[in-house]
1. Mind checking the per residue accessible area of the protein assembly as shown for me, 1.4 Å probe, whole number of Å²?
2. If you wrap a convex hull around the C-alpha atoms of chain A and split its volume per residue, what is the figure in Å³?
3. Under 5 Å between amide H atoms, partner at least 5 residues away or on a different chain: which partners does B:Phe12 have, H built in plane at 1.01 Å?
4. Under a 1.4 angstrom probe, counting protein chains only, how are B:Asp271, B:Asp10 ranked by accessible area, largest first?
5. With both bridge residues required to lie in the protein assembly as shown, what share of the DSSP beta bridges run antiparallel, to the nearest 5%?
6. Remind me, relative contact order of chain B in percent, using alpha carbon pairs under 8 angstrom and six or more residues apart?
7. Find the all-direction average of the projected area of the Cα convex hull for the stretch B:1-99, expressing the result in square nanometres with one decimal place.
8. So if the hydrodynamic radius of the stretch B:178-236 is defined as the Kirkwood radius over C-alpha pairs, what does Stokes-Einstein give as its diffusion coefficient at 4 °C and 1.567 mPa s, in µm² per second?
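The values are calculated or read from the model by the stated rules, or taken from the named source; none is laboratory data. Owing to the predicted nature of the structure, the values given are computational and were not obtained by experimental measurement. Quick reminder, even Gly has a Cβ in these numbers, built from the backbone with ideal geometry, and neighbours come from all protein chains shown. What goes into the accessible areas is simple: the full protein's heavy atoms, side chains included, and nothing from ligands, DNA or RNA. Shrake-Rupley method; radii C 1.70, N 1.55, O 1.52, S 1.80 Å.
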There are 2 protein chains.
Amino acid sequence: MQAWPGLSADLFGPGDQLSAELNNLPRHLAAAGSHLRIHHAPSFIRQDQRLSDALRRGGETSMAMMLAYLASGQAVAGVSAGNTGALMALSRRALGTVAGIPRPAICTAIPTRGDGRCYLLDLGANVDVAPARLVDFALMGEVMARHVDGIAAPRVALLNVGSEGTKGSETVREADALLAEMGALNYIGFVEGNGIFAGSADVVVCDGFVGNAVLKASEGLARMLIERVQATFESHWSSRVVGMLARPALRRLKGELDPVRYNGASLLGLDGIVIKSHGSAEATGFSYAVLRAAQEVSRGLPTQLDLELGGRI
Amino acid sequence: MQAWPGLSADLFGPGDQLSAELNNLPRHLAAAGSHLRIHHAPSFIRQDQRLSDALRRGGETSMAMMLAYLASGQAVAGVSAGNTGALMALSRRALGTVAGIPRPAICTAIPTRGDGRCYLLDLGANVDVAPARLVDFALMGEVMARHVDGIAAPRVALLNVGSEGTKGSETVREADALLAEMGALNYIGFVEGNGIFAGSADVVVCDGFVGNAVLKASEGLARMLIERVQATFESHWSSRVVGMLARPALRRLKGELDPVRYNGASLLGLDGIVIKSHGSAEATGFSYAVLRAAQEVSRGLPTQLDLELGGRI
């Protein structure tokens, strides 16, 4: 709130708990409280709740109340750290999609070599998708990279297995043929998994099953490597001394590698801005998700998607 | 060769080039040359060669000659850094499979938290597989972990997307039902991508498309993070000094993180031992692939697969 003095936020959840949290804010943050409004929600959607159940009982939950508020135009963006499947389903019901997009996708920015970033989508909203849906994802990701990141002609690629031997699934080959025909798109063809981090594409498109597995494996690997870097500098006597001296460098490094830095996945294709924060995000991580929402608001992302993709999808 | 005095190796490739390389060995390695036999092959399979072409013209290539030699019983294992698709296809033709396994899989060991390892398969030999094939992969991976790593009851898991909301593809759900019915197997259910590195399973099974994407993305991420660790210690004056002091710790760390350390993927399910080395592996990396082959030879892996899985698949 201090970083964005103009920002005001509506909080949806158990009123008592939210009030107690606000009253416990450290003194230097207390002023921020005046920009926060609490909306009491009688229930919430659990992480393990069945989708059908969440849709049926949605109305009185904090997530559905937040989305109804957003749909009514009283807020410009919604951020949630809740159940991803329920957030996507309830968002679609409350907001609908733009440009005739049949299936919104989950999309996040991945850090790449050379300080770049790459948008990866879909991350789990759609499994077993048809080739035409992969094309939609490519078009949406391209609009995102162009408008939010200001890249003139984002390089769009399809994730595939090695060109050696197996040439990928039928779905991917069909999507490749469709994308290759699109003159206006800077489509660069297939990349393999290592291409995501190599910085060779600005947008990498895949089925939600693959994207989810890749993203979560990457988070797991990053966590393991950070632990090993720390353990290496704490293990031996000599490196313990070095470790103490190296602490500032290690702290900087951890900040760079920490997945939290890129926290905030966009539910792309909705007629509204909804950002999913990592469920385990703490305050700093959550603030990145809010920042992501603010960026998409300032670029009018849904309007751009509608203008550019309306009639094409 | 010095590490395994009993080892003798047959090299298949362009005779002139191989002879020249052996003549250029440093003096302290020259003795090893006596354990190496050169077999001249008039041609070889290119990385970008079409599979149909490789199969048709295979006979006179170094890869096919090596596999024929292996199939004739003159060698106990084959190691190649060549075209993966061709290696799998030619190996199947030359060696066949054991235990009625219809589709061999590519399998490698992934380092996990707590110094463990996890076998991930399939890594790209089979895309769009039926649920029954995922079950085969689970059974083969389990035999591998039990016999080669000596784990009494390896924990076997299926890779899936988050249990929140979407519950994965139909294929994965069917495979889950089949595996859950197998009493003898220590099947622990679904893991998400982060579970691979968390050390929560000894064997993780997935479609070849997913496994390939996860493995290659992980290699790309590891490379990026190693670069950043080094750059962090070289960037500022103060950390340059620390970097010099930290050099031994960094070297140790790089050794631990380097993907080469686990170089060597098994073509699992063949009636013979064939190991695929990374195409970009240098001498040390290639020696790990040879070590992998030697381990599988000493455990008689194909025989174990045949004994345990014969009649079950």
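1. 44 Å²
2. Cα-based convex hull of chain A, divided per residue, equals 165 Å³.
3. Placed amide hydrogens put B:His39 under 5 Å from B:Phe12.
4. From most exposed to least exposed: B:Asp271, B:Asp10.
5. Numbers: 22 of 60 bridges.
Within the protein assembly as shown, antiparallel bridges account for around 35 percent of the total.
6. Values: 513 pairs, mean separation 67.1, N = 313.
Result for chain B is 21 percent.
7. The directionally averaged projection comes out at 7.4 nm².
8. Numbers: Rh = 14.2 Å.
Taking Rh from Cα pairs, D becomes 91 µm²/s.
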